[in-house]
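Peer 1: The structure under discussion is supplied below as structure tokens; questions concerning it will follow.
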Amino acid sequence: MKIKEASARIILDSRKEETIEVSVNNCVASAPSGKSKGKHEAKSYIKNIKHDVDFVNKIKINKFPDFYYFGDLEKIEKILKGKVGANTMFAFEVAVLRALAQEKKKELWQVLNHKLILKKAKFPRIISNTIGGGAHSNSKIKPDFQEFLVTCNKNPALSFEVNKKAHEEARAILKNLSMNITSNDENAWTSDLDNEKMLEVMKDMQEDIRDESITHLDIGIDVAASQFYNIKNKKYEYKNRIKSISREEQINYIAQLASKFNLFYIEDPLYEEDFSGFAELVDKCKCLIVGDDLTTTNFSRVKKAIEMNAITGLIIKPNQTGSLIEVRKIFELCERKNIKTIVSHRSGETIDDSISDIAFAFQADFIKTPVVGEERVAKVRRLMKFEGSSR
């Protein structure tokens, strides 16, 4: 395939903030943007978004060699690396792969992983943000934990319905407990209740869904602990129920919550540099201990976390690194080391559904996306399309 045209423009994401869209041979891709960012993730843009857009629009097409398969992305990266940021690199690479898929009359997931056979493939479990707090919520009083999550071990279409029902049930329970219910930038409910009250709501919702649907829901949390960790005094400073606790107290507190609420999943329970603390929680808890800010889809940090037994699950956000070659390397490492993989949306999303193809192509264990809001539902519908084709 020859790259005949490449262009970029600024569009608005689900938060009405600027992000980049790239077109290659009339095939379009866009990048999301995160509000809660790990300090080790790659810069979204080299200087700013305008710089990256201008660079793509001025690039000479004859610089690009012919493109035949996924591995040829290395040639693209040699040209773009250091010239554009991770968001631009990601959108450019997806647009190129979409153009190749169109030329070959294939799906995007097929050019991502040509060895994958649809009828033998597994579908990732959908993890949905049902109740929110932390950096994703604008309320003055809110839970310190960033996300309260649900997942069920069902196919995409049924998971979509069950997770939507959980979202509605959570609102009904919250309405009886709090007057201050709002919807945050990920379409999750938030109120002035504290973390433990929210977990009680999640527990009640879990039981109600089981009674109504005869379906078991697992629940989990994204603590996003770096957001309320004070580096100077080395304390976790909770604002909803005002308290300041030490590292050891935080580890014990998280372990207690895991046991009390039978949590399935805990993401970023500690400060993003505390690899050894994560490892302590892996020893103390039966649930998945998941790195996000700890690892930031950065191969060297993922490798360190695995070597230190600091994680049993890993968030993968492709636009954090920009390189789909690196994303594949991370998947391969996790598969060798038996680490569960979770491909994740970002808080500022677009209608682009490529993370569903990435999750499916590389056989991720989970995909993390809410089931409310057109930008989020687009990801689920893409998975449902694969499911329908596999029958």
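The values are calculated or read from the model by the stated rules, or taken from the named source; none is laboratory data. This one's a predicted model, so the numbers in the text were calculated from it and none came from an experiment. For neighbour counting, all protein chains shown are included, and Cβ atoms are generated from backbone atoms with ideal geometry for every residue, glycine included.
Peer 1: When the stretch 3-39 is examined, which residues are found to be basic (Lys, Arg) and within 22 Å of the chain's Cα centre (by Cα)?
Peer 2: Pass one, the stretch 3-39, residues basic (Lys, Arg): 4, 9, 15-16, 35, 37, 39.
Selection gives Arg15, Lys16, Lys35, Lys37, Lys39.
Peer 1: Can you name every residue in the stretch 179-216 that is at pLDDT below 95 and under 21 Å from the mean Cα position of the chain (by Cα)?
Peer 2: Ser183, Asn184, Asp185, Glu186, Asn187, Ala188, Trp189, Thr190
Peer 1: Additional query: If you go through the stretch 39-54 one residue at a time, how many are surrounded by 18 or more Cβ atoms within 10 Å (Cβ to Cβ) and free of Cβ contacts under 8 Å to residues at least 40 places away in the same chain? Spell out the reasoning first.
Peer 2: To start, the set of residues in the stretch 39-54 that are surrounded by 18 or more Cβ atoms within 10 Å (Cβ to Cβ) comprises 41-42, 44-45, 49, 52-53.
When the remaining residues are screened for being free of Cβ contacts under 8 Å to residues at least 40 places away in the same chain, the result is 49.
The number of residues fulfilling the criteria is 1.
Peer 1: What is the residue count in the stretch 352-391 for residues that are farther than 21 Å from His167 by Cα, in contact (Cβ under 8 Å) with a residue 40 or more places away in the chain and outside any helix (DSSP H, G or I)?
Peer 2: Residues flagged as farther than 21 Å from His167 by Cα, in contact (Cβ under 8 Å) with a residue 40 or more places away in the chain and outside any helix (DSSP H, G or I) within the stretch 352-391 amount to 6.
Peer 1: A follow-up question, please. Out of all the residues in the stretch 62-78, which are touching a residue at least 12 places away in the same chain (Cβ under 8 Å) and surrounded by 15 or more Cβ atoms within 10 Å (Cβ to Cβ)?
Peer 2: Phe64, Phe67, Phe70, Leu73, Ile76, Glu77 - these are the residues of the stretch 62-78 that are touching a residue at least 12 places away in the same chain (Cβ under 8 Å) and surrounded by 15 or more Cβ atoms within 10 Å (Cβ to Cβ).
Peer 1: With respect to Ile254, is the statement that it is out of contact with any Phe, Trp or Tyr (no Cβ under 9 Å at 6 or more places or on another chain), under 20 Å from Lys235 (Cα atoms) and either outside any helix (DSSP H, G or I) or not small (Gly, Ala, Ser) (or both) true? Write out each step before concluding.
Peer 2: Details: out of contact with any Phe, Trp or Tyr (no Cβ under 9 Å at 6 or more places or on another chain): yes; under 20 Å from Lys235 (Cα atoms): yes; either outside any helix (DSSP H, G or I) or not small (Gly, Ala, Ser) (or both): yes.
Criteria met by Ile254.
Peer 1: Moving to a separate point now. Would you kindly identify the helices (runs of 4 or more DSSP H) lying entirely within the stretch 71-178 that contain at least 2 residues that are touching a strand residue (DSSP E or B) at 6+ places or on another chain (Cβ under 9 Å)?
Peer 2: Numbers: elements: 73-80, 86-104, 108-112, 156-177.
Qualifying helices (runs of 4 or more DSSP H): 86-104, 156-177.
Peer 1: For the stretch 93-136, give me each residue that is within 30 Å of Trp189 (Cα to Cα) and of a type in the set (D, E, K, R).
Peer 2: Within the stretch 93-136, the subset within 30 Å of Trp189 (Cα to Cα) is 123-136.
Scanning the stretch 93-136 gives a single hit, Arg125.
Peer 1: Does Ile315 meet the test of being in a strand (DSSP E or B), out of contact with any helix residue (DSSP H, G or I) (no Cβ under 8 Å at 6 or more places or on another chain) and surrounded by 23 or more Cβ atoms within 10 Å (Cβ to Cβ)? Break it down stepwise before answering.
Peer 2: On the way: in a strand (DSSP E or B): yes; out of contact with any helix residue (DSSP H, G or I) (no Cβ under 8 Å at 6 or more places or on another chain): yes; surrounded by 23 or more Cβ atoms within 10 Å (Cβ to Cβ): yes.
Yes, satisfied.
Peer 1: Could you list, in sequence order, the residues of the stretch 262-288 that are polar (S, T, N, Q) and either buried (at least 22 other Cβ atoms within 10 Å of the Cβ) or assigned to a loop (DSSP other than H, G, I, E, B) (or both)?
Peer 2: Just the residues of the stretch 262-288 that are polar (S, T, N, Q), to begin with: 262, 276.
Scanning the stretch 262-288 gives a single hit, Asn262.
Peer 1: Here is a further query. Can you tell me which residue among Thr151, Thr182, Thr130 is hydroxyl-bearing (Ser, Thr, Tyr) and over 19 Å from Ser344 (Cβ atoms)?
Peer 2: Values: Thr151 fails: over 19 Å from Ser344 (Cβ atoms); Thr130 fails: over 19 Å from Ser344 (Cβ atoms).
From the options Thr151, Thr182, Thr130, the qualifying one is Thr182.
Peer 1: If you take the residues of the stretch 335-351 that are free of Cβ contacts under 8 Å to residues at least 60 places away in the same chain and part of a loop (DSSP other than H, G, I, E, B), which of them is surrounded by the most Cβ atoms within 10 Å (Cβ to Cβ)? Give the derivation first.
Peer 2: Initial filter on the stretch 335-351 (free of Cβ contacts under 8 Å to residues at least 60 places away in the same chain): 335-341, 344.
Among the residues that remain, those that are also part of a loop (DSSP other than H, G, I, E, B) are: 338-339.
Details: Asn338: 8, Ile339: 21.
Out of the qualifying residues, it is Ile339.
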